[in-house]
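Here's the structure we're looking at; comments come further down.
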Amino acid sequence: MEPEVLFCDNHILVLNKPAGMLTQPNQTSADSLEAFGKLYLKERFNKPGNVFLEAVHRLDRPASGIVLFARTSKALSRLQKSQREGLFQKEYLAKAEGELTSGELIDFLRHDSNRAVIDPNGKRCHLKYEAIKSTREYTLLRISLYTGRYHQIRAQLAHKGHPLMGDQKYGSRFPRETFYLCHKKLSFPHPISGELLIFTFD
């Protein structure tokens, strides 16, 4: 699947990332959402030379959904400030192993190499989840994310005993190449106008 442009103005670019694509480039030749965004801006606005584009938040490679980019350093600074102040609202869909009812998780996470670890000396992380559909094998969850820690959803659900289906890094019993985690809704104040922007898709 190709990325989808959800919104673009002089200050921000909002893209829909397909599962399996990097948010930002790494040392490999794999495609990234950032590279797609820069090429889109160069072609749309006929821009010569380098294009400024910085991710305000990131999605893991297997995850899909909404990613917000800043097109200027001023917008980036203001968006990061709004994010620290809790003015961003994020909603995800996820498939977790086993049967779950709705609930809330508050833990402390530490970034350890390429995974997150529950640690009382780590950073506080908070999410709520609503069970939409439940079977013996999995539960489809709607997740409201209140903090944006590294691998937060994956680590917190795994610590509860319900890792994302297919997420072998966090102990999934189902061997798959990917797992289902989708960023479905994002709202935040525009970095210049202050207008509340809401992005969602079916």
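Structural remarks
- Residue tally, condition under 13 Å from Val51 (Cα atoms) and surrounded by fewer than 19 Cβ atoms within 10 Å (Cβ to Cβ), over segment 1-33: 2
- Residue count for segment 122-148, restricted to those that are modelled with pLDDT under 95 and either part of a loop (DSSP other than H, G, I, E, B) or not assigned by TED's automatic domain parsing to the domain that holds Gly161 (or both): 6
- Test result for Phe188, assigned to a loop (DSSP other than H, G, I, E, B), out of contact with any His (no Cβ under 8 Å at 6 or more places or on another chain), in contact (Cβ under 8 Å) with a residue 40 or more places away in the chain and hydrophobic (A, V, I, L, M, F, W, C): no
- The C-beta contact set for segment 136-156 (first residue aromatic (Phe, Trp, Tyr), second residue outside any strand (DSSP E or B) and buried (at least 21 other Cβ atoms within 10 Å of the Cβ), distance under 8 angstrom, 6+ apart or interchain) comprises Tyr138/Met165.
- Top-ranked residue in segment 34-52 [being crowded, with 17+ Cβ neighbours inside 10 Å and among the charged types (D, E, K, R); ranked as farthest from Leu93 (Cα to Cα)]: Lys38
- Annotation: of all residues in segment 1-29 being among the charged types (D, E, K, R) and touching a strand residue (DSSP E or B) at 6+ places or on another chain (Cβ under 9 Å), the one that is farthest from Leu59 (Cα to Cα) is Glu4.
- Residues (buried (at least 20 other Cβ atoms within 10 Å of the Cβ) and either touching a helix residue (DSSP H, G or I) at 6+ places or on another chain (Cβ under 6 Å) or of a type in the set (Gly, Ala, Ser) (or both)) located in segment 68-82: Phe69, Ala70, Ala75
The values are calculated or read from the model by the stated rules, or taken from the named source; none is laboratory data. Just so it is clear, the structure is predicted and the values come from calculations on it, not from any experiment. Neighbour counts run over all protein chains shown; Cβ positions are idealised from the backbone, glycine included.
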